Each structure stands twice: as structure tokens, then as C-alpha cells.
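Report on the following structure.
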Amino acid sequence: MHSLLRLFSVPLRQRLATLPNPVMKDLQEIRVREERPLEIVWGQKYSFVEGNSGLCDDPALAYRPTREDCSTLLEMLTQHSLYTFDEELRRGYITVQGGHRIGLAGRVVLEHGKVKHLKEITSFNIRIARELKGVGSHVLPYMMDASTGSVHHTLIVSPPQQGKTTLIRDLARLISGGPSAGALYGLERGLKVGIVDERSEIAACDRGVPRFDLGPRTDVLDGCPKAEGMMMMIRSMSPEILIVDEIGRHEDASAIHEAIHAGIRVIATAHGLHQDDVRRRPVLQELLDEGVFNRIVVLNKKAGAGTLEGVYDAKGNRLELAKPTVHVSAAEITPSLGISRKEASIDWTGNSAFSSSIRSSKGKGEDHC
């Protein structure tokens, strides 16, 4: 968070730096809109920031960022050189150190009917990236392919900001680390993982070096378009697992097919509320109808971002674990889900067999903390 605060003007920095600690801990978004109320998203709440740094629900009491506040923010984001960020301005977002993505809105400049870049930028959505180790440990058992000692081709589905990127980041760490990372789910060794990080959010690379822990056997193509990056990885880095975020274009599907034909397992994410919602997108419908993904993981935020709604096979059948491979500490999972310890220990997987086993083990005196 400290690296983000330096991007803001003094008035904005002072108000954001003095937010209450519980708010700072769960901060997800900072919404800066010129001459409109300063807003934050934290936990599952939305609040406006008052002129004295307090929080309120009344927009009339909120601090309203000035043109100077917004100009300073844009100058810092583009390192005082707008033209060097022309591609980012065309796409509508800039990723900064730490993997934080800043969405932009303003006046669109068109060229031959296509977006050339943005100007008169007056809206900024600062999305806070967080590393949460352990969040993948309750999903990985569903993904394991016992016949190969690897993972199934997996699609992770949720609306924006509900834990997809955080989850695949931790899955990369667990799969790459193998038993040394605590991934005792049938992985006899760590696997080579290749990540195509088009938006620089998964790895948060700084001069090519990942700043998030992705495990010891992970290679990253940073800032590379997904389809082209997948082909580059296949040709040059021989990954066993290929991870990409937010697929949906025809070229993405073609690259995924190439990876599968090369014997590489694919883990991808896509925006959607559930399986049926994803099927409304032609490219994803084609992949699902072909049975490309043997596992479909659906997340929501009913109990906080990253809540596991369910895991399904290629035919849409909900999967259950008849017997847990490993008992995961509720204390480890709870912070990532934003729910109470009691709720986490009862039914945090949506799987009665798994939760019953946890309760049974606790009754025998096992220490899960």
C-alpha cells in the first residue's frame, strides 16, 4: 500500500493514509473521480471518504478530488511521460509496481473507428493486488488427475474482483513447489509452470522478476498478449502447466488447443457468474462443449471474495471429495475468505464430506491450527 500512496497528491495521500487499520487491511479499490466523491471498496462494503479522513455513506460529506489531484495521479502513473504509455492508455488501464491495476476512464480518441487512446482522464479505479498464500489449498484437491500425477485442464469462473487472479497465483506456487509448498495432493514433485501475465497482475514483475511468490519452477512472460504468449511458452520454455488469466478470444482458444495437443495442462480464468453465464460467450461455449476443461471452478463473494461456490466436471456435474487428502487449517483459509472461524470449519468448501471429516478429526484431538 505504501508504494501506492506515493502516486497520489498530498491531499489525497493524507486522507487515504489515515484510514482506520481494519479498512486498510481489507481495502480492495480506491475510486478517484474528478470533482465527485472519493470512494473506497473494502471487505464487502462501499464507503465515501470524508474531508477529515473519516468514512461516511453520504456523498455530500465526501472529499471531492480536484483536477490537480487527478493530474498528479496521472503524471505519477505515466512517470511524467504520457506518450510512453500510449498502449496502456489505448487499453484503458495501467499496472504499477506491486501488480496493482489502475483502470482509466475519460474521453476516447478514435482512429479509423478504433480506440487510439484516452485523453481528459477523470476517473481512476485503483485495484489493490494482494498475495494470499494458502487460498489454493482447498481447490487443488479437486483439480488433481491421479492417473498422471498432474492437474486437470481447469477453468476458474467468477465476476471481476472475486478472487480468480489471487487463486491462480497461489495455485502456481503450490503446483510449482510440489510437496515442499505443502501441496500434498498427489503431486510427487513440483511441476514446471509457465504464466502468461498480460496485465502484469499475476506475478507483479519488476524488471522481469516476479515480486509475488509463484514457486521455484515458474517462468513468467510479462506484459505479453495471451495467445502469442502461450505459443511462445510452448516453443521455448517447455512448461508442464500453462496459466493464463481472463481468456475469451478466438486466438486464446486456438493457443489453448495448441497447448493441449503438446501435452501441456492449462489453467485459465474467465469472467462469469456461473457455467451457464460463461456459455453465453461463443468462444468459451465452444471450449466447454468440446470438453476441453475437465474441471470448472466457480467462485463468488457470498462469504467474502474467493468463496468456493463449487467445482464441476466437464459435463457440469458437481464434484465432491469423498475423502480429504489433507486437512487445511481453518485459521489459514479464513482470512482469505473473510468469514468467521466457525463458518470456515463447518462448510467452507461447500462439500459436506470434507467438512464432516474436519469436524470428526477435531473431535479426535488433532490440531488444525
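The values are calculated or read from the model by the stated rules, or taken from the named source; none is laboratory data. This is a predicted model, so every value here is computed, not measured. Heads up, the Cβs are rebuilt from the backbone with ideal geometry, glycines too, and the neighbour counts pull from every protein chain shown. Only protein heavy atoms, including side chains, enter the accessible area calculation; ligands, DNA and RNA are left aside. Shrake-Rupley method; radii C 1.70, N 1.55, O 1.52, S 1.80 Å.
Examine segment 145-161 for a residue that is surrounded by fewer than 17 Cβ atoms within 10 Å (Cβ to Cβ), β-branched (Val, Ile, Thr) and over 30 Å from LEU73 (Cβ atoms), and state whether such a residue exists. Yes; the residues of segment 145-161 include at least one that is surrounded by fewer than 17 Cβ atoms within 10 Å (Cβ to Cβ), β-branched (Val, Ile, Thr) and over 30 Å from LEU73 (Cβ atoms).
Please report, ordered by residue number, the helices (runs of 4 or more DSSP H) entirely within segment 201-304 with at least 3 residues that are touching an Asp or Glu at 6+ places or on another chain (Cβ under 7 Å). Per the criteria, 226-236. Among the residues of segment 116-127, those that are touching a Leu at 6+ places or on another chain (Cβ under 9 Å) and of a type outside the set (Ser, Thr, Tyr) comprise LYS116, HIS117, LEU118, LYS119, ILE121, PHE124, ASN125, ILE126.
So that you can scan it fast, the table gives a plain yes or no per residue for (1) more than 24 Å from GLY134 (Cβ to Cβ); (2) within 17 Å of the chain's Cα centre (by Cα); (3) at pLDDT 95 or above:
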| site | (1), (2), (3) |
| --- | --- |
| ARG169 | no, yes, yes |
| PRO179 | no, no, no |
| SER200 | no, yes, no |
| ALA203 | no, yes, no |
| VAL209 | no, no, no |
| ASP222 | yes, yes, no |
| ILE247 | yes, yes, yes |
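Any residue at all in segment 114-123 that is closer than 22 Å to SER3 by Cβ, of a type outside the set (Asp, Glu), over 21 Å from the mean Cα position of the chain (by Cα) and open to solvent by 20 Å² or more (accessible area, probe 1.4 Å)? Yes, the conditions are met somewhere in segment 114-123.
Of the residues making up segment 275-294, those that are buried (at least 17 other Cβ atoms within 10 Å of the Cβ) and under 17 Å from ASP313 (Cα atoms) number 7.
Would it be correct to say that LYS301 is surrounded by 15 or more Cβ atoms within 10 Å (Cβ to Cβ), at pLDDT below 95 and either more than 19 Å from LEU171 (Cβ to Cβ) or not aliphatic (A, V, I, L, M) (or both)? Yes. Within segment 198-230, the set of residues being aliphatic (A, V, I, L, M) and open to solvent by 50 Å² or more (accessible area, probe 1.4 Å) comprises just one member, VAL209.
Beta carbons closer than 6 Å, at least 6 apart along the sequence or on distinct chains, pair a first residue in segment 161-184 that is farther than 30 Å from ASN125 by Cα with a second that is charged (D, E, K, R) and at pLDDT 95 or above for SER176/ARG217; ALA181/ARG173. Checked against the criterion of being over 25 Å from the mean Cα position of the chain (by Cα) and of a type in the set (Lys, Arg), the candidates ARG36, ARG101, ARG31, ARG91 yield just one match: ARG36. Looking at segment 142-153, can you tell me whether even one residue there is touching a strand residue (DSSP E or B) at 6+ places or on another chain (Cβ under 9 Å) and free of Cβ contacts under 8 Å to residues at least 24 places away in the same chain? Yes. The residues of segment 305-319 that are surrounded by 14 or more Cβ atoms within 10 Å (Cβ to Cβ), in a loop (DSSP other than H, G, I, E, B) and modelled with pLDDT of 90 or more, listed by number, are ASP313, ALA314, LEU319.
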